[in-house]
Amino acid sequence: MPNTDAIKPNSVENIEFKKFLIELGTFIRSRRKAIGYNSATTFANSIDMDPDQLRKYERGEIPMTLKTLNKILKGLRTPAERLLKQLADFEETTASNKNQPLTEEAASHVRLQVEAVNGHDVVSKLRPEDVQRIGRILIAAFNLVSKNEVVKKVGLSSKSKNFNAVFSIALNNEWIAMLYPESPKRHDQKYYTTEAGKKVLRLADESK
């Protein structure tokens, strides 16, 4: 008998679940460092957990059981009832930070990735503000968004050549993807940042 609760790979539920795992993992990493554990290995050893497993949880790569989450929270000295409030506060802070321009270092990294994929001729035509816009597109699509919502984040008209140029780079490089690729012009089309796009933004940074 088929499992009716199974989540399809590119469904809204699956993408939102992946987003939740990443937010939870980012929260755990942030909290770990806040209490003095700069090394993931040291913290993992303190709670009798495999360090590589912990890093996967912190990157949001794999789900964890409630028992494992409770074990991590105890190590973080964070009671479960405080987790919900802290996650809510953390999400608001993260959303605020995502609206800020890329740092010089992050913008430089995005430019290098464009050059690596598209070549020198393409990257040489990108102005600093274009690189920022590519970053903003990737950041905006970290949540499921429509193209119009991306346009608002970038601050250009959807008919602008500048917008279409940077949007095409992100899409053609598979740094963002359509939720419904089989129907590109679907009226409720959504976009999301792929794993490759997250790496460009260094969202999946390696813990020490």
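The values are calculated or read from the model by the stated rules, or taken from the named source; none is laboratory data. Worth saying up front: this structure is predicted, and the values here are computed from it rather than measured. Backbone-built Cβ (ideal geometry, glycine too); neighbour counts: all protein chains shown.
Restricting Val123, Val151 to those that are outside the structural domain of Lys33 (by TED's automatic domain parsing), modelled with pLDDT of 90 or more, part of a helix (DSSP H, G or I) and not basic (Lys, Arg) reduces the list to Val123. Screening the candidates Gln132, Gln86, Gln100 for the property of being modelled with pLDDT under 90 and touching a Pro at 6+ places or on another chain (Cβ under 6 Å) yields one hit, Gln132. Could you grab me the full set of residues in region 20-33 that are crowded, with 20+ Cβ neighbours inside 10 Å and of a type in the set (Gly, Ala, Ser)? Hit for region 20-33 is Gly25, nothing else. Restricting attention to region 170-197, the residues that are surrounded by 14 or more Cβ atoms within 10 Å (Cβ to Cβ) and in contact with a helix residue (DSSP H, G or I) (Cβ under 6 Å, 6 or more places away or on another chain) total 7. When region 34-51 is limited to residues that are modelled with pLDDT of 90 or more and of a type in the set (A, V, I, L, M, F, W, C), the one that is surrounded by the most Cβ atoms within 10 Å (Cβ to Cβ) turns out to be Phe43.
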